[in-house]
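A quick write-up on the structure given underneath.
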Amino acid sequence: MHEQTCDILVVGGGLGGVAAALAALRLGRDVVLTEETDWLGGQLTAQAVPPDEHPWIEQFGCTATYRRLRDTIRAYYRRGYPLTEEAAATVNLNPGKGHVSRLCHEPRVAVAAIEEMLAPYRSSRQLRVLLRHRPVGAHVDGDRVTAVRLLDTGSGDELTVSARYVLDATELGDLLELAGVEHVIGSESRDDFGEPHAVEGPAQPLDQQSFTFCFALDHRPGEDHTIDRPATYDFWRAYAPDFWPAPLLSWVQVAPETLQPYTKRVFEPDQDFDLWRFRRILHRPHLTDSYAGDDITLVNWQQIDYWLGPLLGVDDAERDRHLEGARQLSLSFLYWMQTEAPNHLGGTGHPGLRLRPDVTDTADGLAKYPYIRESRRIRAEFTVTELHVGVEARGSLLGAEEFRDSVGIGSYRIDLHPSTGGPAGPRQYVDVASWPFQIPLGALLPVRVENLLPANKNIGTTHISNGCYRLHPVEWNIGEAAGALAAHCLDTGAVPRQVRADAARLESYQDTLTGLGVELAWPVEVRTQKKYN
């Protein structure tokens, strides 16, 4: 057994964890940052999902360090890739020219950008990064978490890290369970908060958003890159959910806002928009003739959302069964596209679709980690609900609820993918309008524990409001606020709930945030706009 100590321990190296570490480091604290995989960056890298962002992202609506991350990604392409003169001169370069984001890029580039941002702190040993370390236990003394036990998944050794503040930036809120922090999972009842889109009847803890194993592809016409037939292909080929308009392995999709079916193929040469361009992460025309490759796209499409069972509230065997089921679904969809899918030429199959394990840095070609949309969530001093942010739920009120204890801002639709459901089985999309919103400090404060803070999707939201608080820039902002709060409390001697309760302390902490470049409110002209990606 090995031991380390630090001021602030950040468990989980996703976007929230990286942002939390950076904030604490900039405020002079020494930090240990752990990550279960071998890539920092979470949903942006190990989960391989290009950033989902709001329409104003190039001008405002994110923290200064999140903007720096985006700028560093673009700079990487300008330094390292043979861009055409036109592409290199494009201020807001979109490397993949994907439709889902103004910055669609390869995951390894974000890894490099994050490493660049952390480099001086690692060199000085102010920051220690522990990759391939998974939390397996916590030491708790009353209302304080004193240390976390970590398993080195490579060597099998255990390490205990003691810290004055512990931040849970894991993808599933693992420390909440390990440390006995009060939390919830799944869907609240409509009776709990009066949310219009919550489930009727009792709460359903096992009703959790679908998760996805993403993968990258290029296309080599005239070549055959068909993968081996997946073990459960026959099951997925025949699977036709009751709430879905067609077999899941088909080109039929559902418009999340209206639930109306529509058809979209991977290639539609005469269309303005097809699946290939949706999350394309490298656009060949951006590059000169010296580049030998092709387009690369990232598959995170409706057909590979896995909703046959949850990851939380079940035993290890069932969790592992669902993880393998999601892997099999992704591979089965690829195999179907390569062999049986109706193609744009009037035939079947696209055998030239080539899986790119080098892009995801994995043996099987799937992302290192599933794309997680829903986590354990703390029972917080304040819970954000649909009534605070939803356009329909707020009725005649213009704009989202304004919070005196704002620690940041975000904007996205309340976007819930099909979920595992309750006794009646999986549930369809919930996708409704929300106003540009603030992140209240109260949602970052557990009801009891004093020195553990959430720094990912595990804040005090509901199953419904989580749908707009779970995206890339918001997760980063949550992490940055949590890291700054821990450092601020160490500097002042206050505990987090005292900061929120006292006006002068709250103002001092908010001054710290604005000094770091965190925006606490939307411009007035934007706050009441219903404009989305």
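Below are the figures for this structure:
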{"read-out": "Cα centroid separation, segment 17-92 to segment 435-451 (Å)", "value": "24 Å"}
{"read-out": "Residue 199 long-range amide H proximity, modeled H, under 5 Å", "value": "190"}
{"read-out": "Mean separation of Cα contacts under 8 Å, 6 or more apart, over the residue count of the chain: relative contact order %", "value": "22 percent"}
{"read-out": "Distance in nm between pseudo-label sites at residue 257 and residue 320 (7 Å out along the Cβ direction from Cα)", "value": "4.4 nm"}
{"read-out": "Segment 192-284, relative contact order in percent, only Cα pairs under 8 angstrom and at least six apart counted", "value": "10 percent"}
{"read-out": "Inter-centroid distance (Cα atoms) of segment 216-236 relative to segment 271-341, Å", "value": "11 Å"}
{"read-out": "Accessible area per residue, Å², segment 26-73 with all protein chains present, probe 1.4 Å", "value": "23 Å²"}
{"read-out": "Nearest-ten-degree value, helix 472-492 long axis tilted from longest Cα axis of the chain", "value": "20 degrees"}
{"read-out": "Equivalent ellipsoid semi-axes, the chain, via Cα gyration tensor eigenvalues times 5, rooted, Å", "value": "35, 26, 24"}
{"read-out": "Mean ellipticity per residue at 222 nm, deg cm²/dmol - from DSSP H runs of n ≥ 4 across the chain, formula -39500 (n - 2.57)", "value": "-8000 deg cm²/dmol"}
{"read-out": "Heavy atoms of residue 232 accessible to a 1.4 Å probe, total area in Å² rounded to 10", "value": "50 Å²"}
{"read-out": "Distance in nm between pseudo-label sites at residue 200 and residue 379 (7 Å out along the Cβ direction from Cα)", "value": "2.8 nm"}
{"read-out": "Per-residue HN-Hα couplings for segment 433-446 [Karplus 6.51, -1.76, 1.60; θ = phi - 60°; Hz; x = Gly/Pro]", "value": "5, 9, 7, x, 10, 10, 9, x, 4, x, 6, 9, 10, x"}
{"read-out": "Among 59, 522, 496 the positive-end extreme of the charge dipole of the chain (Cβ point charges)", "value": "59"}
{"read-out": "J(HN,Hα) series, segment 188-203, from Karplus relation 6.51 cos²θ - 1.76 cosθ + 1.60, nearest Hz, glycine and proline x", "value": "6, 7, 4, 5, 5, 10, x, 6, x, 9, 6, 6, 7, x, x, 4"}
{"read-out": "With DNA, RNA and ligands ignored, accessible area of residue 76 (1.4 Å probe; Å², nearest 10)", "value": "80 Å²"}
{"read-out": "Integer Hz, Karplus 6.51/-1.76/1.60 couplings in order for segment 386-403, x for Gly and Pro", "value": "4, 5, 8, 10, x, 4, 5, 5, 8, x, 7, 6, 8, x, 6, 4, 9, 10"}
{"read-out": "GluC sites (Glu not before Pro) within segment 124-185, DSSP loop, no more than 12 other Cβ atoms inside 10 Å", "value": "182"}
{"read-out": "Neighbour net charge for residue 489 - beta-carbon separation under 12 angstrom, K R +1, D E -1", "value": "+2"}
{"read-out": "Net charge of neighbours whose Cβ lies under 10 Å from the Cβ of residue 19, counting Lys and Arg as +1 and Asp and Glu as -1", "value": "-2"}
{"read-out": "Probe 1.4 Å - accessible area at residue 63, Å² to nearest ten", "value": "0 Å²"}
{"read-out": "Inter-centroid distance (Cα atoms) of segment 378-410 relative to segment 461-533, Å", "value": "13 Å"}
{"read-out": "Within the accessible area of the chain (1.4 Å probe), percent carbon and sulfur", "value": "48 percent"}
{"read-out": "Amide H contacts under 5 Å for residue 408, placed H, 5+ residues apart", "value": "439"}
{"read-out": "Cα gyration tensor category, rounded, prolate or oblate, for segment 415-456 with a/c compared to 1.5", "value": "oblate"}
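The values are calculated or read from the model by the stated rules, or taken from the named source; none is laboratory data. The structure presented is a predicted model; accordingly, all values stated were derived computationally and were not measured. Reconstructed Cβ throughout: ideal geometry from the backbone, glycine too, with neighbour counts over all protein chains shown. We work out accessible area using only protein heavy atoms, side chains counted, and drop any ligands, DNA or RNA first. Shrake-Rupley method; radii C 1.70, N 1.55, O 1.52, S 1.80 Å.
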